1. Please specify each residue of region B:32-43 satisfying the condition of being out of contact with any Gly (no Cβ under 9 Å at 6 or more places or on another chain) and buried (at least 24 other Cβ atoms within 10 Å of the Cβ).
2. Just need a number here: residues in region E:23-38 that are touching a residue at least 12 places away in the same chain (Cβ under 8 Å) and either touching a helix residue (DSSP H, G or I) at 6+ places or on another chain (Cβ under 8 Å) or more than 9 Å from chain D (Cβ to nearest Cβ) (or both).
3. If a residue must be under 28 Å from residue B:138 (Cα atoms) and more than 7 Å from every other protein chain (Cβ to nearest Cβ), how many such residues does region F:66-83 contain?
4. Starting from residues that are more than 13 Å from every other protein chain (Cβ to nearest Cβ) and of a type in the set (D, E, K, R), keep the ones in region A:5-16 and report whichever is most open to solvent (accessible area, probe 1.4 Å).
5. Right, residue A:131: assigned to a helix (DSSP H, G or I), hydroxyl-bearing (Ser, Thr, Tyr) and touching a Gly at 6+ places or on another chain (Cβ under 7 Å) or not?
6. If you scan region E:176-224, which residues turn out to be open to solvent by 50 Å² or more (accessible area, probe 1.4 Å) and in a loop (DSSP other than H, G, I, E, B)?
7. Would you pick out the residues in region E:145-158 that are outside any strand (DSSP E or B), crowded, with 24+ Cβ neighbours inside 10 Å and of a type outside the set (A, V, I, L, M)?
8. Only one of (1) closer than 25 Å to residue B:69 by Cβ; (2) buried (at least 19 other Cβ atoms within 10 Å of the Cβ) fails for residue B:29. Which number is that?
6 protein chains.
Amino acid sequence: MRPTIVRSILRADAEHITRLGECGVATVHEAMGRTGLLEPAIRPIFPGARVAGSAVTVSCAAGDNLMIHAAIAVVRPGDVLVVTTSAPSSDGMFGELLAESCRAHGVAGLVIDAGVRDTAELTVMGFPVWSRAVWAHGTTKAIPGSVNVPIGCAGALVHPGDVIVGDADGVVVVPRADAGPVVTAANERLAREARTRERLKGGELGLDIYGLRDVLNAQGVEWVD
Amino acid sequence: MRPTIVRSILRADAEHITRLGECGVATVHEAMGRTGLLEPAIRPIFPGARVAGSAVTVSCAAGDNLMIHAAIAVVRPGDVLVVTTSAPSSDGMFGELLAESCRAHGVAGLVIDAGVRDTAELTVMGFPVWSRAVWAHGTTKAIPGSVNVPIGCAGALVHPGDVIVGDADGVVVVPRADAGPVVTAANERLAREARTRERLKGGELGLDIYGLRDVLNAQGVEWVD
Amino acid sequence: MRPTIVRSILRADAEHITRLGECGVATVHEAMGRTGLLEPAIRPIFPGARVAGSAVTVSCAAGDNLMIHAAIAVVRPGDVLVVTTSAPSSDGMFGELLAESCRAHGVAGLVIDAGVRDTAELTVMGFPVWSRAVWAHGTTKAIPGSVNVPIGCAGALVHPGDVIVGDADGVVVVPRADAGPVVTAANERLAREARTRERLKGGELGLDIYGLRDVLNAQGVEWVD
Amino acid sequence: MRPTIVRSILRADAEHITRLGECGVATVHEAMGRTGLLEPAIRPIFPGARVAGSAVTVSCAAGDNLMIHAAIAVVRPGDVLVVTTSAPSSDGMFGELLAESCRAHGVAGLVIDAGVRDTAELTVMGFPVWSRAVWAHGTTKAIPGSVNVPIGCAGALVHPGDVIVGDADGVVVVPRADAGPVVTAANERLAREARTRERLKGGELGLDIYGLRDVLNAQGVEWVD
Amino acid sequence: MRPTIVRSILRADAEHITRLGECGVATVHEAMGRTGLLEPAIRPIFPGARVAGSAVTVSCAAGDNLMIHAAIAVVRPGDVLVVTTSAPSSDGMFGELLAESCRAHGVAGLVIDAGVRDTAELTVMGFPVWSRAVWAHGTTKAIPGSVNVPIGCAGALVHPGDVIVGDADGVVVVPRADAGPVVTAANERLAREARTRERLKGGELGLDIYGLRDVLNAQGVEWVD
Amino acid sequence: MRPTIVRSILRADAEHITRLGECGVATVHEAMGRTGLLEPAIRPIFPGARVAGSAVTVSCAAGDNLMIHAAIAVVRPGDVLVVTTSAPSSDGMFGELLAESCRAHGVAGLVIDAGVRDTAELTVMGFPVWSRAVWAHGTTKAIPGSVNVPIGCAGALVHPGDVIVGDADGVVVVPRADAGPVVTAANERLAREARTRERLKGGELGLDIYGLRDVLNAQGVEWVD
């Protein structure tokens, strides 16, 4: 029950992290058997935001960002902060000053189940953030919480060191130990999709490529003119 | 009760469809007596998205896009897919591969009361989509539904062949048989607005142009200093 | 109880208004002791929208914009319309024609706890709007209300002549009589933040700059490896 | 496009309607292949509310109940009013006086994708209502609409004369022509469930009754201690 | 800008308050020209909750109930606490202990644009509460705010001493100075409704009682068989 | 990554579980330092619902309840099922038949971040459920997931064997190892509250009991008449 800051965490292989980021959220989520997504309410603050990195988890009280400051003391370059709160809140728990601090320590981005502010400045900085809200409301720096413990964040379970991938389609969490197999499955999926893409571009129907005419028949769907 | 795919539908006059698209959603909706709009939660995935075309309606189970594949087998160039689901869902039922297939068959755009994914790619393609959510979550291709039957979609009633107009202000449905009269009414409204616009730009007040001072007086509104 | 249009209102000092706009919403809100924000659901219709001006308050029936027309009769250049409604509504109560009228009379922007339409045109015009919704639905011009009376708008209390500041982070209301002290407090905060920013950019931790290590210790937060 | 009140509609067989009401919403929806439900936001105003009857459809402007008054002129005893609006609204479009009028004409209940008021009185009367909201806000009686035309209501398509079934689990729409087959399928389902219920009460597992152990194995689910 | 507790407020006539409570929220709101309602999200915590009293307004920081404690120091028997917060929050800012304190000082009820807890106990006590949420989350007692200043609460403007009426249909605010005229208008409305009710019970149609057949004709609504 | 059903879990001391249930959600949450609550959207399906038991965690695909059936194979009397899904969903994943099965195996209740159905029957049975929605929509029994692995559920982290407490104020999760200390802290809090309750009933103010007059002064709150 005691609030705790864990300094050292295990991280996934750097090449796996990079490759998962290249594959993108939808592909990675499919490669994991359609699991691992944060809720759709978690949205990027600017178009084109992309990130892949190791989760440094942060558990805050709603409206208090003390533990985000603490987390920056234990990050390594390339990490992604993943912040949850004890209660739903739209408060702007992170802004331009914290982003400058993150940049100085190599933090690659932020995922937060709450609000952020200074989004115009964050966009100019190119610091990628996924949040539930954008709002100016300020926060205190007074209430204890934990860093680098397992958290529930926006419907997903996140362990420290899990790989976080974010893009226009949302955010997905890859358990650290699964990074390698997921890269393999994602690569296979992309190769398969490349072949399908060419056939679809050529005008072939998904009905034929995926064998769906049989599915329609088996389900009793009727074709009429 | 039997799920059905209807191959042939009647469409509105092509010139009417084009003109409705030029008039835009707000004008068309006004010309229809302020009816026909889909709910405001249905939003375009990129700024500048515009479409006008004939509705090919699709009724899917939530989280299953089998019937979207079926619909592409019956579209004609210029059609707009209009997809509803059996239950509220944010799943990404449509993405880049389906958009390539749509492009190959001339589909002009998509309106869906659910989620879409690959929105970065769809934006680069310039494929216009209006949806309730953007999310990476994948779907099955297994559950029967219907194509080109009347559907309820985001608060509106859509028949196959109705004219769908979408822009930054949302999506409006024009019953096929009304396309001509609505074009006429919309043209009249635009001409009237052009005259009003010049007067407003010159500093005249809406109070005077629309005769609203009498309305205020009749309602007992008091002017004080 | 009688609906009323008040022609003359007191406004804050023009230099204070300008400076509050430069400081931005987050800073002004902090300078006011973390008060004065409208709800986070009130969002700008285009990136980069910014405004600062004197509130001309408008109380409308839901789905009726008669009183917005009345308000334009009493504005002065630089004012910001602040519109509330008697019931929650997404209707597009303001569009391009009203924006032209606003421009002709020098209105600097609009804040509305309802919907707006013609957002593509408003964006081209560069007319800044903060609203709860974007939707084409039209409105009547028939139901009485008031202009320049105190209103409750999106969770905040707004008096005519209060200073309205809007940017990417939302909208804040500064009571007219507080404009001067808030400018002073905001300037001090910005100076303090400038110094902190340099230290953070240099790699110092917020934990050290703000003395938060003591807070963590006092709260019993444990550091572990 | 012209607003219309249709006086005469076809209705389903009275015994089918009664039996569908006895089966309840969940069973009927399953018997229809998991289709026909209104959105989950449509809730009964008191515990124990139940209804089954023929839909008299009503299309209103948001905030205007003129067409509900018109609908009462064409109902027959046992009918259920199904009301949709042109825009999302929480206004209380129906209250105790209208309920008295409904009672006088034998209307069995109301389904409305908007608000209702006087819910304390409606509860005492035992008049069953399913609505999106409960709110006191009043409405006008001025804007045209239609009665007994097909409508989209809360995500479902409703034709006049369709069978409406409502209970604690929501509202389902049975197309008029399907009432008989749905009764048959629902009866079969209830008989099957009665047998399953006894086995479950006796402690047998769903895993065994439904053969789900094979499903788990086929999907690669692992049992561990 | 300085947070303030105002000890003395003016209250409306006690008989007017009582009568407004008897008339109920819908009638009072209509008698005020369809104004004064709080948003529909503000709901009673138990069926049958009713209240009428003078508003003691409370402005709190989200998640902090210090000022509710302060407010109880200035209430008089029959008052109703009306609480708003600086940011949206579901925290349970009020529970059984505060209700005991309210009871000891004669507070008649609570309206709060936030959460409450101990609702089982509050129900047993019969202490009426209207809130946005029910949730156990606790609050601090540390952040300044004001008592008995004008506030914006759930979309409405509330001045100290305004009459608050709450029932199953929501909450309405009657400006103190309007209490008398609103009672008169409400009484007239109830008398009119009593006559209408009898006619409706006798089977007369609203179409005939309100003269709506002419409205339908004037609007071009067509009757068909 | 492989879906797994864990048969054996550790549970907290039975007396601790019972006592936590007696203390109730608000007290337990406070005793844990204001942590552990599920989101406020998770609500009981009938008034008076209460539960305390050991969590058997279930991770399902949205719209598929295969793993709930699997979970009943590993429960022990007194356990509480805690179900999360891979995507937001209102589907009725649990109903009367599953409740009969739960009863037969001694399951004390259900917490589910999705929908339930047959709520009238569940209420008659007295089977307590906390859910995000009540809706008739049916589910498949086909998609793999896990039982008794850590899950993120409605904003909280739940490990198998954690103590789940639910009542009218929501649901709280007590980590298994903390059950004893939390009982102690909760008992102390209840004793303190009993003394405070008597003083409040006697008319003493919270301002005096909690020493809040000093807080108000320190924060610069002004008292005026």
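1. Selection gives B:36 alone.
2. Looking only at that region, the number is 9.
3. The number of residues fulfilling the criteria is 6.
4. That would be A:15.
5. Spelling it out, it is not the case that residue A:131 is assigned to a helix (DSSP H, G or I), hydroxyl-bearing (Ser, Thr, Tyr) and touching a Gly at 6+ places or on another chain (Cβ under 7 Å).
6. Those that are open to solvent by 50 Å² or more (accessible area, probe 1.4 Å) and in a loop (DSSP other than H, G, I, E, B): E:202, E:204, E:210, E:219.
7. Of everything in region E:145-158, those that are outside any strand (DSSP E or B), crowded, with 24+ Cβ neighbours inside 10 Å and of a type outside the set (A, V, I, L, M) turn out to be E:145, E:148, E:155.
8. Tallying (1) closer than 25 Å to residue B:69 by Cβ; (2) buried (at least 19 other Cβ atoms within 10 Å of the Cβ), residue B:29 fails exactly one: (1).
The values are calculated or read from the model by the stated rules, or taken from the named source; none is laboratory data. Being a predicted model, the structure only gives us computed values, none of them experimental. Note: ideal-geometry Cβ built from the backbone for every residue, glycine included; neighbour counts use all protein chains shown. Just the protein is used for accessible areas: all its heavy atoms, side chains included, with ligands, DNA and RNA removed. Shrake-Rupley method; radii C 1.70, N 1.55, O 1.52, S 1.80 Å.
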